[in-house]
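Written out below as structure tokens is the structure these notes cover.
Rule-based calculations on the coordinates, nothing more; no lab input. Here the structure is a predicted model, which means the values were calculated and not measured. Positions of Cβ are generated from backbone atoms using ideal geometry, with glycine treated the same way; all protein chains shown enter the neighbour counts.
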Amino acid sequence: MKKKLKTVSKILGAIAIIVSVFLIYVQISYKKQFKVPATGIRASKDSAVVARGKYLVMGPGHCWNCHAPDGETNLQSGSKVGMIGGKEFKLPFGTVYSPNITADTVTGIGGFSDEMLAQAIRYSVRHDKTALVPFMSYNGMSDNDIQAVISYLRTTRPVRHKVKETTINIIGKAVVRFVLKPVFSEPAPKPFIQPDTTSEYGSYLATSVGNCVGCHTQRDKNTGEFAGSKFAGGYQISVSDGTFTTPNLTPDSATGAIVKWKAADFVQRFKTGAVYPRTPMPWKSFQTFTDNDLKALYYYFNSLQPVSNKVTVFQQKVRD
Ligand code: HEC
Ligand code: HEC
């Protein structure tokens, strides 16, 4: 009996040592650096390029929604507040804070090179070459639009604001070490994209700029991978007083949210803005969408294969 116990404790001891070595390894090596291709994209001072960047940042790209502490609430007073970061994202493995992306050289992106910024947007790698937690989905953005975005970022008022450090637990560190990696868009991003009202351009806006696809598609809760037909809705987002389920944007005659709308109705819906007070959809940013961009989106959604998926958009939390 004693002998048996001894063996068991020996085995347990060995396991404990292996686990500890693994944890120490994760602890010291989780910040893995990656090598990604150079984009060659450089900021420009051309006023048309900067204006395009401002439109993308404040409108379709909705950067304010995550890079301002209270999201897009203060978007209209825009440049006064600034994209000073610090919005909190609570994840199962830790708390991530969005960085300050104003032009401040100490606490913002003022000290980062154009290449660092372009690689963050295209490949989801941080300026120090570690992988970003994949909140952003601009990996398919064209060279000229990335150029526009970083050109505008260079013109923003620098605001000194040190953001809280992201805190991740040991499981999070293992995720960072073994799961997170740079993202490579498939198909490869285009060097140049010209806005127009075609459904091709709508597809670009929906997947590589506005991230309609990220919210309006069912996704796996653990991995975030797409788990349903694209744009058929069904993705759930909890807020303080209930749960939103994203509507189906495909043209299914019975369950499609916009199937009965004309292009003008779609445009008007975006001008109106949020109807639900706590909706996670960045309606304020999207209110600045040009009519032409909205038409492109509308034609694109209507060109999709209809998928039947009935959703209840908002379910109030039952108080107990
Ligand atoms: C859905 C939320 C979200 C949106 C929208 C968003 N970001 Fe981010 N961004 C984040 C978070 C969170 C991080 C930090 C992630 C991490 O620490 O791993 C980040 C990181 C970055 C970084 C990396 C900074 C560094 O240290 O290298 C840059 C640059 C950036 N964002 C720019 C932008 C721009 C430009 C836009 C709009 C075109 C944008 N972001 C839109 C959430 C968002
Ligand atoms: C952060 C998540 C998120 C993103 C990004 C997002 N949506 Fe939504 N969307 C929602 C949610 C949640 C709802 C349901 C609540 C509401 O109507 O605000 C919704 C509702 C809608 C509706 C239905 C409105 C109505 O009155 O019935 C349309 C149309 C729509 N989204 C289109 C889009 C388009 C186009 C994009 C990209 C440009 C987009 N969404 C990006 C979450 C998102």
**Study point:** Among I24, I15, I84, residue whose mean-square fluctuation peaks in a GNM of the chain (springs only between Cα atoms under 10 Å)
**Key:** I15
Check your understanding: Taking the simple approach of a point 7 Å from Cα along Cα-to-Cβ for both K181 and L91, what is their distance in nm?
Key -> 1.7 nm
Practice item. Write out the trypsin sites (Lys or Arg not before Pro) in the stretch 1-109 meeting two conditions: DSSP loop, and at most 16 other Cβ atoms within 10 Å of their Cβ. Key: K31, K32, K35, R42, K45
Review point. Counting Lys +1, Arg +1, Asp -1, Glu -1, what net charge surrounds A118 among other residues with beta carbon under 10 Å of its beta carbon?
Key: -1
Revision key, fill the gap. Most packed first (mean Cβ within 10 Å per residue), the peptides 215-227, 107-119, 168-180 order as 107-119, 168-180, 215-227
Practice item. With runs of 4+ DSSP H residues as the only contributors, calculate the mean residue ellipticity of the chain at 222 nm using -39,500 (n - 2.57) per run, divided by the residue total and rounded to the nearest 500. Key: -10500 deg cm²/dmol
Check your understanding: Along the Cα-to-Cβ line of N74, 7 Å from the Cα, sits a label point; which residues in the stretch 162-201 have backbone N less than 20 Å from it?
Key -> 162-165
Review point. Along the principal axes of its C-alpha atoms, what lengths does the chain span, in descending order and rounded to whole Å?
Key: 82, 49, 41
Review point. Using alpha carbon centroids, what distance separates the stretch 151-228 and the stretch 15-78, in Å?
Key: 8 Å
**Study point:** Once the Cα gyration tensor of the stretch 68-177 is diagonalised, semi-axes √(5λ) in Å
**Key:** 23, 18, 13
Review point. Of the cross-linked pairs K80/K162; K90/K221; K87/K129; K35/K90; K260/K295; K190/K262, which ones have a Cα-Cα span greater than 19 Å in the structure shown?
Key: K87/K129; K35/K90; K190/K262
Point to revise | Cut-off under 5 Å, modelled amide H: who pairs with T217 long-range | key: F231, G233, Y235
Revision key, fill the gap. Surrounding charge for T272, neighbours by C-beta under 12 angstrom, Lys/Arg +1, Asp/Glu -1, total +2
Study note, to complete from the structure: Among trypsin sites (Lys or Arg not before Pro) in the stretch 271-320, those in a DSSP loop whose Cβ has at most 14 other Cβ atoms within 10 Å are R278, K310, K317, R319
